[in-house]
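Here is the structure we will look at, set down as structure tokens.
The values are calculated or read from the model by the stated rules, or taken from the named source; none is laboratory data. Bear in mind the structure is a predicted one, so any value in this text is a computation, not a measurement. Note that we place each Cβ from the backbone using ideal geometry, even for glycine, and neighbour counts take in every protein chain shown. Ligands, DNA and RNA are stripped out before the accessible areas are found, and what is left, the full protein with its side chains, is counted by its heavy atoms. Shrake-Rupley method; radii C 1.70, N 1.55, O 1.52, S 1.80 Å.
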Amino acid sequence: MTEQSKFGKKFIDRFTEISIKIGNQIYLKSLRDAFAMIMPLFILAGIGVLINNVIFTLFFKGAVLANFQTFGNYLVNGTLNIAGLLIAPVVGYCLSRNRNYANKLGSAIVALSGLIVMMPAVLSATSVDQKHTFDITGYLSFNNIGVQGMFAGIIIGLFATEMFIKLSNVKKFKINLGENVPPAVGDSFLTLIPTVLTLSLLAIIAALLTVFGHTDMIKLITSMIQEPLRQVNTSLPGFLLIYSIGNLLFGFGIHQAVINGTLLDPVLIINTNKNMQAFAAGHDVPYIITSVFRDTFGMMGGTGSTICLLIATLLFSKMKSSREVTGLSLVPGLFNINEPVIYGYPIVFNLPLLIPFVLTPVFALLFAYFCTAIGFMNRTVVMVPWTTPPLLNAFLATGGDWRAVVVQGISIIFGILFYIPFMKISETVAMRSAKLD
């Protein structure tokens, strides 16, 4: 082995170790688990938006349309508009599970209560006719418990749960009523003091911010953490860099969710949810780069847009083993499940195929971004299930825009042509290696 190849192997090994550590960091892992747990609700919100603004509008107008749209509005209220409220207890539950803490439900309750404690007590409201503004008390705002409050839910949920778990492990804080009381009652007293201390500390912080800072934690987290982080990770260069690193790691056997699910999903889902809200309200859709934009145009057939490789193999490959693997992988690939091709073809540790595996999604995303930016196709406004087949997912994700199907179709054709030479090189390497063996 040459010095250059030794250096390359050492770099890859070190890079892989760092990536695994990042992916297994307990807070990031808990966050990834939490988003996976509540993702069906966001998909349901997308279905509600799609029905309201695409299907109902085909058949109804005016007041009748508005009456029918209350169906989707209620779905959105119970899913998208309480995203921050949902994420706090789910993060608490996942963190306590990853810490092997027994009372997971107790952690979720404390996290949820902690988020409400930090909510502003006074809200500024506007009258229905938009002419008068006044302060109200005794209400929660969808702005604070919805998409805008997602990072607040995450951070407060993590903090409250971590503090609750640490205090619960202090023996002096445990009130043991003995074995003669019902288990539920005994467990609640075991965590009584940790619950009181955790929520009291949060209440003190909230009071200090209100009295001396004339602000609240939700505003601070949104303005100082959520928006700056979202702007970096959802900028075109930042998004493509992080996404490509995740795909490259997948080529070394580490699932792309380790990086992409941790660093991209939280901010991309916020963009997706804001787009859905704007589309449902009939406002201008703000963002091009969203989670569904990435999945639709950067994961055609799965990570690496491997549907292109499968089609290229069927059309141009003469290698029996490749065609057999393709035959087994084609049906899952149509539903964006591509582990069979990644580990069976294989793409993992297959240097020739790693190049199109990483670059094909980049080209497709850049092309889709350009087509969206110039107004050729609509922005993505519906959270469709990730298993929705290519072409159909482009149509649904953009609210029924056929031009998105054309853009995705062109991207698939380009991907097929791009994969072909590297597929040929891979097959040549495999055949020569077989002869040497």
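Observations, loosely collected:
- Residue that is open to solvent by less than 20 Å² (accessible area, probe 1.4 Å) and closer than 20 Å to Leu334 by Cα, where the choices are Thr388, Thr380: Thr388
- Filter result (of a type in the set (A, V, I, L, M), out of contact with any Phe, Trp or Tyr (no Cβ under 8 Å at 6 or more places or on another chain) and assigned to a helix (DSSP H, G or I)) within region 134-173: Ile145, Val147, Met150, Ala152, Ile154, Ile155, Ile156, Ala160, Met163
- If you go through region 394-409 and pick out every residue that is outside any loop (DSSP other than H, G, I, E, B) and out of contact with any helix residue (DSSP H, G or I) (no Cβ under 6 Å at 6 or more places or on another chain), you end up with 5.
- Hey, Val285 open to solvent by 30 Å² or more (accessible area, probe 1.4 Å), in contact (Cβ under 8 Å) with a residue 24 or more places away in the chain and within 16 Å of Met383 (Cβ to Cβ) or not: yes
- Counting only helices (runs of 4 or more DSSP H) that fall entirely inside region 56-133 and contain at least 1 residues that are under 25 Å from the mean Cα position of the chain (by Cα), without any contact (Cβ under 8 Å) to a residue 60 or more places away in the chain and buried (at least 18 other Cβ atoms within 10 Å of the Cβ), the qualifying elements are 62-77, 83-98, 104-117.
- Subset tally (residues that are open to solvent by 70 Å² or more (accessible area, probe 1.4 Å) and in contact with a Ser or Thr (Cβ under 6 Å, 6 or more places away or on another chain)) for region 29-55: 0
- Every pair of residues 6+ apart whose Cβ atoms lie under 8 Å, when the first sits in region 143-171 and is buried (at least 20 other Cβ atoms within 10 Å of the Cβ) while the second is in a helix (DSSP H, G or I) and of a type in the set (D, E, K, R): Val147/Lys274
- Boolean, Met423 is surrounded by 20 or more Cβ atoms within 10 Å (Cβ to Cβ), out of contact with any Phe, Trp or Tyr (no Cβ under 7 Å at 6 or more places or on another chain), assigned to a helix (DSSP H, G or I) and touching a residue at least 60 places away in the same chain (Cβ under 8 Å): yes
- Taken as a whole, the condition of being over 19 Å from His283 (Cα atoms), in a helix (DSSP H, G or I) and touching a Pro at 6+ places or on another chain (Cβ under 6 Å) applies to Ile43.
- Pairing residues of region 291-318 that are closer than 17 Å to Ile245 by Cβ with residues that are open to solvent by 10 Å² or more (accessible area, probe 1.4 Å) and assigned to a helix (DSSP H, G or I), at Cβ distances under 6 Å and at least 6 apart in sequence or on separate chains, gives Thr303/Gln256.
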